[in-house]
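Coordinate-derived values only; no laboratory data. Quantities reported herein were computed from a predicted structural model and do not represent experimental measurements. Because the Cβ atoms are built from the backbone with ideal geometry, glycine has one as well, and the counts that use them run over all protein chains shown.
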Amino acid sequence: MKLHELKPAKGAVKDGKRIGRGEGSGRGGTSTRGHKGAQSRSGYSRKIGFEGGQMPLQRRVPKFGFKNINRVEYRAINLSTLQDLVDRKKITEVNKEVLMDNGLVAKNDLVKILGSGELKAKLKVTANAYSVSAKKAIEDNGGEAITL
């Protein structure tokens, strides 16, 4: 068997409907579009979500909630993650570049250090924000928590 001899199994591929190719085809005349009306014309497209005149779903369901345009999103990094970095990479200073190199944050992320986990190392940490417990834990180990 060669590549050019491959073909689908018999009966697996059906021919498409040939619409509007004369009365003998069984799909001539109105070409499966019914009689008259906008839907029978070329170029017709109904509105997105149109349900035949019934009230569409997006209008039946009530609106709720809002998006706060002043919300500040932080990428959360736990103390346990920092301790893991220290154990694996032997670092003494944590900043955005270090976190980016290790795939923990993206270029435009704001970083917030959270207090989950245990930190045993003395670290100089530079971030946009800290939780109270994280800042306390860093400073209790003789480290430094610098806020950008």
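Assorted remarks:
- Only beta bridges with both residues in the chain are counted; by DSSP, about 5 percent of them are antiparallel.
- Rounded D (µm²/s) - segment 28-77, Kirkwood Rh over Cα pairs, Stokes-Einstein at 25 °C, 0.890 mPa s: 154 µm²/s
- Estimated distance in nm for a label pair at residue 120 and residue 102, the labels positioned 7 Å out from Cα along Cα-to-Cβ: 1.6 nm
- Potential extension, residue 146-residue 46 segment - 0.36 nm per residue separation minus Cα distance: 30.2 nm
- Over segment 76-147: Kirkwood hydrodynamic radius from C-alpha pairwise inverse distances, Å: 11.8 Å
- Taking packing as the residue-averaged number of other Cβ atoms within 10 angstrom, the listed peptides 94-102, 119-127 run from highest to lowest as 119-127, 94-102.
- P(r) weight above 18 Å for the chain, C-alpha pairs, percent: 74 percent
- Net charge dipole, the chain: roughly 1500 debye, given to the nearest 20, about the Cα centre with Cβ charges of +1 for Lys and Arg and -1 for Asp and Glu.
- When shorter helices are ignored and each DSSP H run of at least 4 residues is given -39500 (n - 2.57), the per-residue value for the chain at 222 nm works out to -5500 deg cm²/dmol.
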